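The values are calculated or read from the model by the stated rules, or taken from the named source; none is laboratory data. Just so you know, these numbers come straight off a predicted model, no measurement behind them. Every residue, glycine as well, gets a Cβ built from its backbone with ideal geometry; the counts of neighbours run over all protein chains shown. Quick note on the areas: whole protein, heavy atoms, side chains included, nothing else; ligands and nucleic acids left out. Shrake-Rupley method; radii C 1.70, N 1.55, O 1.52, S 1.80 Å.
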Amino acid sequence: MCGIFGIISLSKKINIDKNNFQLSLNHMVHRGPDDSGSFMNEKFAFGHRRLSIIDLSKKGKQPMFSYDKSSIITYNGEIYNYQELKKFLIIKGFKFQNNTDTEVLLNGLIFEGPKFIDRCNGMFSFAYYNKKKNEFFLFRDRLGIKPLYYQIHNKNLIFSSNVKSITLYTNNTSDINYESISSYFSYRQPLKNNTFYKNIKSLEPGHFIKIKNSQLKINKYWDQKKFFLNKKISKSEDYFLEKIQNILDSAVSYRLISDVKVASLLSGGLDSSLIASIINKKIHKNFLAYSIGYSYKDYNEFKYSKLVAKKLNMKHFTTSTNAEQYFDDVDELINLRGMPLTIPNEASQYRLCKEIKKKATVVLSGSGADELFCGYGRIFGSVEDYKKIKNLEIFKNKIEMNKFLKNVKSRYGTLKFNNYLDHFLNIYSYTKDDLKSKILSNNFDHVKIKKNIRSFFENLFKENKSDSYLDKMQYFFQKFHLKGILEREDISSMAGSIELRVPFLDHRMVEFAATIPNEFKIKQLNNNLSLTSDISSEVLDTTKYILRKSYKKNIPNQIHDRKKIGFPVPLHIWMNQKKIKDRVSDVLLSNDSKNRGIFNFNFIKKMLKDTSKEFEGSSKIYQSSAANKIWMCYNLERFFSQKK
């Protein structure tokens, strides 16, 4: 796991500012504190910051040349099945100089070019040059676990694991993407391959860039939609239970391969507990497990994480943070990533990773299971709401139907949806359009942006040709929602110099999960027609049913049967504290903030002065509270002020 930075000429010759190149590369010292290297010529420059995981010797230094010096790579990530691939390549006649997965990837690319990636099980982003063929390739892994950003600047392609490294080199921080700011409030991240800068793009997951004869082409090499289109496997429940166990067991085994200490995130929820139980079968005892929480009621799951750790004989560490430490972490993390944070717990995970770094360098996470197995019950279950709205004839009597319509009105604010896209946009947005138009200034073309946003959602839903609304929704969550989760997990872990691995997102599991019949993902227990999914979810149904059952014997019943909760941060409690409210107000009400013209200044002042129940309540309301919207504004303003 590392940080990469580089420049490739799209014309005849390149002129590298070596000092600026080194400055941009060294901004990622947190991603690679163990070593640094670079190579430059008149065609390109590759840079690398190394976090040593496999083969800790100097032989693993990057950029790395092939045995005959004809090819070079700068690479961030892990190829988990590198040992099998190395044996395969040795049979094909390749020689190896070290024990890294980097050299396996390099020789594999020499052997069969981009097709070699089909053999790889891993997470990665890299740049590769083959001198004999005069070809450059830039790759990003199938799911987007590892980031890769790029910009065309002065007839050069500049790429990096970090947006700020690019802006440091180009010295261009003024070209802000207003549509991305609007999307940030609605969906926590920019749309498509956009960033918060107009000219800096993110290479989409499952894609690669090929450059030959100064011509650049972007290609797709993997997409899970074809697996949704395959006919659902008609097998018994036992078949799916066994298959899931086999794939996940293999995925965890691969992700335990390391020459440095490995630990596990343990929230006390289902997914991290399942991963911990599989680790326990392989390591048996004293495996390191880490949890973070807060001192307020409903704001930590230590009760549950301790229960799991005790059952699995894990060495368990808990940590917490206070308001001032939290906002210090927010500011620090924004500076490191060069973009706003997406959700409040990102800074908390950063603090946890700094704690983990004291004893380990690799950590396993339970991320991805919700997207693969329909874990967001209130949203995935809402497909049934939509079906009932469109087919009211199923109700046996008017009393039951009227109860349902009352619940629909309460949840959605409307009784009418023209199509499933109208329905989905109603429930997925974190900030409704009317509130967003109050927060943001008139410098935003809200009508145009709303049209572009709808077009993006419409096109993404159409990509999956399945007739099933639930299949389309799962595809959306895996293509868009998951991308945001993985980006922030990469940033928060790498900021603490920790490599985070995600066994659920082994591509074999992603492909198989798409073929599992949906009734094995959300299991209906009692179909009360009058209820909407926000009321019935995880009461009258079981989310992630097949996954839960696969490991029922391995984890305590209290964990197996728990409802899903998020990772709440007590923002609305902290922002009632004078010191924190003053800190946030000083940033948002500054002259710089006012002159920037991003926010509706009077509305921000009104929100900050609000002492009503908007700043009260349990962890269940923290996402919808005014405090959360103020937090987003604070993030943006800190991002703008740190660009200078």
Point to revise | Unique residue being open to solvent by 30 Å² or more (accessible area, probe 1.4 Å) and not aliphatic (A, V, I, L, M) when the list is ASN335, ASN345 | key: ASN335
Check your understanding: Looking at PHE444, PHE417, PHE404, which one is surrounded by 17 or more Cβ atoms within 10 Å (Cβ to Cβ) and assigned to a helix (DSSP H, G or I)?
Key -> PHE404
**Study point:** Hits in region 447-484 (condition: in contact (Cβ under 8 Å) with a residue 40 or more places away in the chain, of a type in the set (Ser, Thr, Tyr) and in a helix (DSSP H, G or I))
**Key:** TYR469, TYR475
Revision key, fill the gap. Checking TYR67, TYR75, TYR82 in turn, the sole residue that is touching a Phe, Trp or Tyr at 6+ places or on another chain (Cβ under 6 Å) and either aromatic (Phe, Trp, Tyr) or surrounded by fewer than 14 Cβ atoms within 10 Å (Cβ to Cβ) (or both) turns out to be TYR75
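Conditions (1) of a type outside the set (Val, Ile, Thr); (2) more than 19 Å from TYR149 (Cβ to Cβ), marked per residue:
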position: ILE200; (1), (2): no, no
position: GLY206; (1), (2): yes, no
position: LYS212; (1), (2): yes, yes
position: LYS217; (1), (2): yes, no
position: TRP222; (1), (2): yes, yes
position: ASN230; (1), (2): yes, yes
Practice item. Spot the failing condition for PRO517; the list is (1) touching a helix residue (DSSP H, G or I) at 6+ places or on another chain (Cβ under 8 Å); (2) open to solvent by less than 20 Å² (accessible area, probe 1.4 Å); (3) of a type outside the set (A, V, I, L, M, F, W, C), and only one is missed. Key: (1)
Review point. Restricting attention to region 561-572, and to residues there that are buried (at least 16 other Cβ atoms within 10 Å of the Cβ) and at pLDDT below 90, which single residue is nearest to LYS281 (Cα to Cα)?
Key: ARG562
Practice item. Go through region 53-98 and count every residue that is closer than 21 Å to TYR254 by Cα, touching a strand residue (DSSP E or B) at 6+ places or on another chain (Cβ under 7 Å) and of a type in the set (Ser, Thr, Tyr). Key: 2
Practice item. Tell me, please, whether a residue that is open to solvent by less than 10 Å² (accessible area, probe 1.4 Å), of a type in the set (Val, Ile, Thr) and over 20 Å from ILE257 (Cβ atoms) can be found in region 356-373. Key: no
Practice item. Would you mind finding the one in ASN213, ASN134 that is closer than 16 Å to ALA45 by Cα, more than 19 Å from the chain's Cα centre (by Cα) and not aromatic (Phe, Trp, Tyr)? Key: ASN134
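Residues checked against (1) open to solvent by less than 10 Å² (accessible area, probe 1.4 Å); (2) at pLDDT below 95; (3) aromatic (Phe, Trp, Tyr):
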residue: HIS507; (1), (2), (3): no, no, no
residue: VAL510; (1), (2), (3): yes, no, no
residue: LYS521; (1), (2), (3): yes, no, no
residue: LEU525; (1), (2), (3): no, yes, no
residue: LEU529; (1), (2), (3): no, yes, no
residue: ASP534; (1), (2), (3): no, yes, no
residue: GLU538; (1), (2), (3): no, yes, no
residue: TYR545; (1), (2), (3): no, no, yes
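Here is a yes/no grid of residues against (1) outside any helix (DSSP H, G or I); (2) touching a Lys or Arg at 6+ places or on another chain (Cβ under 9 Å):
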| site | (1), (2) |
| --- | --- |
| HIS316 | yes, yes |
| GLU324 | no, yes |
| VAL330 | no, yes |
| ASN335 | no, yes |
| GLY375 | yes, yes |
| LYS388 | no, no |
Review point. How many of the residues in region 187-223 are under 24 Å from LEU505 (Cα atoms) and not in a loop (DSSP other than H, G, I, E, B)?
Key: 10
Exercise for review: Find the residue count for region 18-45, including only residues that are closer than 16 Å to MET1 by Cα and either part of a strand (DSSP E or B) or among the polar types (S, T, N, Q) (or both).
Suggested key: 5
Practice item. Filter region 390-401 down to residues that are open to solvent by less than 50 Å² (accessible area, probe 1.4 Å), part of a helix (DSSP H, G or I) and touching a helix residue (DSSP H, G or I) at 6+ places or on another chain (Cβ under 9 Å), then give me how many there are. Key: 1
